[in-house]
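Undergrad: Quick one: structure below, then a few questions.
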Amino acid sequence: MDVDHNFPVPVPVPLPTQTAAPSLTVPGVWAFCASGQTADVLECSFMLDKDTAAQWNVYDPDPESAPRAEYTTKQLHLQLYCIPLVAARANVMSNAQIEWPKKGLFIVEVNRGTSVGRMFVPDHEKPLPVNITHAVQKGLNIVRFIQLVGMESAFIIHASEETVPILDTTLP
């Protein structure tokens, strides 16, 4: 009995090359998430690399990392906006009115379970962006939007530079 040992050997298919994550520019949009029609928990995330974190004096959870600068004249300013979804789709963020859902129907968690993690309950009566600057860290940052009702909103995390005044502590 002859056994045929000539069988086709599968050729390994190369894996697609991974592209680098989009750079986080300042000023710029770092994350975008559209709400759902029903109650839902949405997540968006962004990765803050070592160099960007150091450049903007952002908290680094690694105990071996260099301490944050005590004095700096510029710092990162991250704000969370909630605008109507139709305005976001039309790409008119600069002219869109901030519209938070009624208090108690919407919660934002940034980096839950970490030392910098924070929870925010935006006030619908104050159409202002929410400052999440001190809730971010080097590495992966996860923002959770907990909506208890359906919404027609877009959530945008926008980065900008904030100038920090240096106080002159010398006596005349």
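The values are calculated or read from the model by the stated rules, or taken from the named source; none is laboratory data. It should be emphasised that the depicted structure is a prediction, and the values quoted were computed from it without experimental measurement. Positions of Cβ are generated from backbone atoms using ideal geometry, with glycine treated the same way; all protein chains shown enter the neighbour counts. Ligands, DNA and RNA are excluded from the accessible area calculation, which covers all protein heavy atoms including side chains. Shrake-Rupley method; radii C 1.70, N 1.55, O 1.52, S 1.80 Å.
Undergrad: Residues to consider are VAL149, VAL164, VAL121, VAL143; find the one that is touching a strand residue (DSSP E or B) at 6+ places or on another chain (Cβ under 9 Å) and closer than 24 Å to ASP62 by Cα.
TA: VAL143
Undergrad: Across segment 111-155, what is the total count of residues that are part of a loop (DSSP other than H, G, I, E, B) and either basic (Lys, Arg) or without any contact (Cβ under 8 Å) to a residue 60 or more places away in the chain (or both)?
TA: Taking segment 111-155 and keeping what is part of a loop (DSSP other than H, G, I, E, B), we get 111-117, 121-129, 132, 136-138, 148-152.
From what's left, either basic (Lys, Arg) or without any contact (Cβ under 8 Å) to a residue 60 or more places away in the chain (or both): 111-117, 121-129, 132, 138.
Total meeting the criteria: 18.
Undergrad: Of all residues in segment 119-150 being over 16 Å from the mean Cα position of the chain (by Cα) and open to solvent by less than 20 Å² (accessible area, probe 1.4 Å), which is modelled with the lowest pLDDT?
TA: Looking at residues that are over 16 Å from the mean Cα position of the chain (by Cα) and open to solvent by less than 20 Å² (accessible area, probe 1.4 Å), I get PRO122.
Undergrad: With GLN97, GLN75 as the choices, which residue is in a strand (DSSP E or B), in contact with a strand residue (DSSP E or B) (Cβ under 8 Å, 6 or more places away or on another chain) and closer than 20 Å to PRO27 by Cα?
TA: Result: GLN75 is the single residue among GLN97, GLN75 that is in a strand (DSSP E or B), in contact with a strand residue (DSSP E or B) (Cβ under 8 Å, 6 or more places away or on another chain) and closer than 20 Å to PRO27 by Cα.
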